[in-house]
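These notes are about the structure you will find just below.
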Amino acid sequence: MEEKIALFTIFGGTGDLARRKLYPSLYRLYKKGFLNKKFAVIGTARREWSDEYYREIVLDTIADLTESKEDALEFASHFYYQAHNVTDAEHYSTLKQLSKKLNDTYQLEDNHIYYLAMSPQFFGTITEHLKDQELISDTGFNRLIIEKPFGHDYESAATLNEQIRASFKEEQIYRIDHYLGKEMIQNISAVRFANTIFESMWNNRYIDNIQITLSESLGVEERGGYYDTSGALRDMVQNHILQVVSLLAMEPPIELKDEAIREEKIKALRSLRIYSKEEVQKYFVRGQYGASTVDGVTSLDYREEKNVAPDSTTETFVAGKVLIDNFRWAGVPFYIRTGKNLRQKGTQINIQFKSMPLNLFSDDHTEALEPNVLTIYIQPTEGFSLQLNSKKIGPGLETELLNLKHKNSAETSSNSPEAYEKLILDCLNGDATNFTHWDEVAQSWKFVDVIRDTWDQETPEFPNYPSKSMGPVCSDELLEKDGFKWFWNPKSN
């Protein structure tokens, strides 16, 4: 196993993301030998912490993963803290001095990973200072990891991109989408390109529709302030869902390498039909959860949540019909939905194949057979299922549904690398396959902006679905008018 050599500088080092995801992920990489002696981490934020206190925080975040106290202490000894005002040029001079010292101490070969785990409003300021104060090295690699949201529409995203590109080249920028680090999202390529049975049928001749559901069982909880300015369309559709669509819809790349895969994903996103206002009203619906009591547990109305406006028109649910105007997918609807406070937490993809043209198993041949459906379970269950029609045991020719299933065991899933762990390792390797290119971000915003602009001109009747349901009635009607229904419809307890 090759040891990776780098200095990590984490802006927002005291924040929730760093504590919940980044430090545990770095520790897992350390335990597996990807990080050993030649790495160091600088945490920066406004708080006045000492190195010792910072290391205590790091140790606390990895307590559940620690097998040896000595091992954990050795890991934490690579962490250093600097109080930092991202708008103050002098602080970058101090950061540069500490970076140089750690580079010499740990023999880091001037390899830098800058992780911006803070509000996007500071991204441009930070990258400008990193360049002006000469923290971008000339000899080692320089890589910048940035979190979503990348802008709030195409115009703001383009402005932000110009600011960052003034300091970093596109190939140095790693826009993280943690969904792309999930094991079963990465398995989409294996399902398609390693199985003739599926790739030969992965087109409009054989597929009736594709359904993508990202269902959350919790409300906005403590994120009300952020969520009320974002909503489900920006928070989930623009990034996670459209990334899944691009992986499902792209043409086979010439090789499974980052540039080749990105090129095909971009082509798929460019084929998305940008809707007119009338088409938005026809093909997209939204919802906001209301109060309900299920099994003696009462859920709040969204408008009653902390830091949410009492007359908020922010959507907590989106469902839509996405059309891809290219030769492979013409006429095949991609139905998407996502929402909060729904009946069950889960992410799955359902590929519904066309039904047989004639049912030989019914007396008059008119009763439709159930369709074949391939399901990819993303979370919390990981695995696959394939729905088939089979003859029922006994006399006659009556059919019944048969499900061929494979689900990863709890042990396999628990031992699978966490999404952030995989993505940080990819960045260390210089592999941008599972990060988003600017062209992908741009096309996603162009698609979403039309929907957002249309909705902003209307006042919805909210709330329109009770908590712990699967969304508003208009979501079901969206498919019913095409002769379909949501394949995944978990029942209430």
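The values are calculated or read from the model by the stated rules, or taken from the named source; none is laboratory data. The model shown is predicted, which means the values in this text are computed figures rather than measured ones. Positions of Cβ are backbone-derived with ideal geometry, glycine not excepted, and every protein chain shown enters the neighbour counts.
When restricted to residues that are in a helix (DSSP H, G or I) and in contact with a strand residue (DSSP E or B) (Cβ under 9 Å, 6 or more places away or on another chain), segment 115-142 contains 6.
Screening segment 135-160 for residues that are more than 20 Å from Ile10 (Cα to Cα) and touching a residue at least 40 places away in the same chain (Cβ under 8 Å) and picking the one that is farthest from the chain's Cα centre (by Cα) gives Ala158. Scan segment 175-212 residue by residue and report those that are of a type in the set (Phe, Trp, Tyr) and in contact with an Asp or Glu (Cβ under 8 Å, 6 or more places away or on another chain). The answer is Phe193, and nothing else.
Among the numbered conditions (1) surrounded by fewer than 17 Cβ atoms within 10 Å (Cβ to Cβ); (2) among the aliphatic types (A, V, I, L, M); (3) closer than 27 Å to Asp453 by Cα, the only one that Leu242 does not meet is (1). In summary, helices (runs of 4 or more DSSP H) completely within segment 376-464 and bearing 1 or more residues that are under 30 Å from Arg28 (Cα atoms), touching a helix residue (DSSP H, G or I) at 6+ places or on another chain (Cβ under 6 Å) and at pLDDT below 95 occur at 419-429. Among the residues of segment 474-492 satisfying the criterion of being touching a Phe, Trp or Tyr at 6+ places or on another chain (Cβ under 8 Å) and in a helix (DSSP H, G or I), which is surrounded by the fewest Cβ atoms within 10 Å (Cβ to Cβ)? Checked segment 474-492; the qualifying residue surrounded by the fewest Cβ atoms within 10 Å (Cβ to Cβ) is Asp476. Restricting segment 1-36 to residues that are charged (D, E, K, R) and under 15 Å from Asn111 (Cα atoms) leaves a set whose member that is surrounded by the most Cβ atoms within 10 Å (Cβ to Cβ) is Lys4.
Quick check, is Arg328 charged (D, E, K, R), assigned by TED's automatic domain parsing to the domain that holds Leu214, closer than 28 Å to Leu401 by Cα and under 27 Å from the mean Cα position of the chain (by Cα)? Against the criterion (charged (D, E, K, R), assigned by TED's automatic domain parsing to the domain that holds Leu214, closer than 28 Å to Leu401 by Cα and under 27 Å from the mean Cα position of the chain (by Cα)), Arg328 does not qualify.
Does Phe39 meet the test of being in the same structural domain as Val86 (by TED's automatic domain parsing), crowded, with 21+ Cβ neighbours inside 10 Å and not polar (S, T, N, Q)? Answer is yes for this residue. Yes or no: Gln163 surrounded by fewer than 21 Cβ atoms within 10 Å (Cβ to Cβ), over 18 Å from the mean Cα position of the chain (by Cα) and farther than 24 Å from Trp455 by Cα? For Gln163, the condition - surrounded by fewer than 21 Cβ atoms within 10 Å (Cβ to Cβ), over 18 Å from the mean Cα position of the chain (by Cα) and farther than 24 Å from Trp455 by Cα - is met.
Yes or no, residue by residue, for (1) crowded, with 19+ Cβ neighbours inside 10 Å; (2) modelled with pLDDT of 95 or more; (3) in the same structural domain as Gly320 (by TED's automatic domain parsing); (4) aliphatic (A, V, I, L, M):
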residue: His112; (1), (2), (3), (4): yes, yes, no, no
residue: Tyr115; (1), (2), (3), (4): yes, yes, no, no
residue: Arg143; (1), (2), (3), (4): yes, yes, no, no
residue: Glu155; (1), (2), (3), (4): no, yes, no, no
residue: Ala158; (1), (2), (3), (4): no, yes, no, yes
residue: Ile173; (1), (2), (3), (4): yes, yes, no, yes
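On the stretch given as segment 20-49, residues that are more than 29 Å from the chain's Cα centre (by Cα) and closer than 23 Å to Thr87 by Cβ total 3. Scanning segment 431-473 for residues that are surrounded by fewer than 16 Cβ atoms within 10 Å (Cβ to Cβ) and β-branched (Val, Ile, Thr) yields Thr459, Val473.
Note on segment 267-303: among residues that are aromatic (Phe, Trp, Tyr) and part of a strand (DSSP E or B), the one that is farthest from the chain's Cα centre (by Cα) is Tyr289.
Scanning segment 269-312 for residues that are more than 23 Å from Leu248 (Cα to Cα) and of a type in the set (S, T, N, Q) gives Ser276, Gln281, Gln288, Ser292, Thr293, Thr298, Ser299, Asn307, Ser312. May I ask you to list the residues in segment 13-25 that are under 16 Å from Ala40 (Cα atoms) and not in a helix (DSSP H, G or I)? Hit for segment 13-25 is Gly13, nothing else. Any residue at all in segment 380-402 that's in contact with a Pro (Cβ under 6 Å, 6 or more places away or on another chain), surrounded by 14 or more Cβ atoms within 10 Å (Cβ to Cβ) and touching a residue at least 40 places away in the same chain (Cβ under 8 Å)? No, segment 380-402 contains no residue that is in contact with a Pro (Cβ under 6 Å, 6 or more places away or on another chain), surrounded by 14 or more Cβ atoms within 10 Å (Cβ to Cβ) and touching a residue at least 40 places away in the same chain (Cβ under 8 Å).
Scanning segment 447-470 for residues that are touching a Phe, Trp or Tyr at 6+ places or on another chain (Cβ under 7 Å) and under 15 Å from Lys277 (Cβ atoms) gives Asp449, Val450, Ile451.
Give me the residue from segment 204-227 that is among the charged types (D, E, K, R) and buried (at least 19 other Cβ atoms within 10 Å of the Cβ) and, out of that set, farthest from the chain's Cα centre (by Cα).
Asp208
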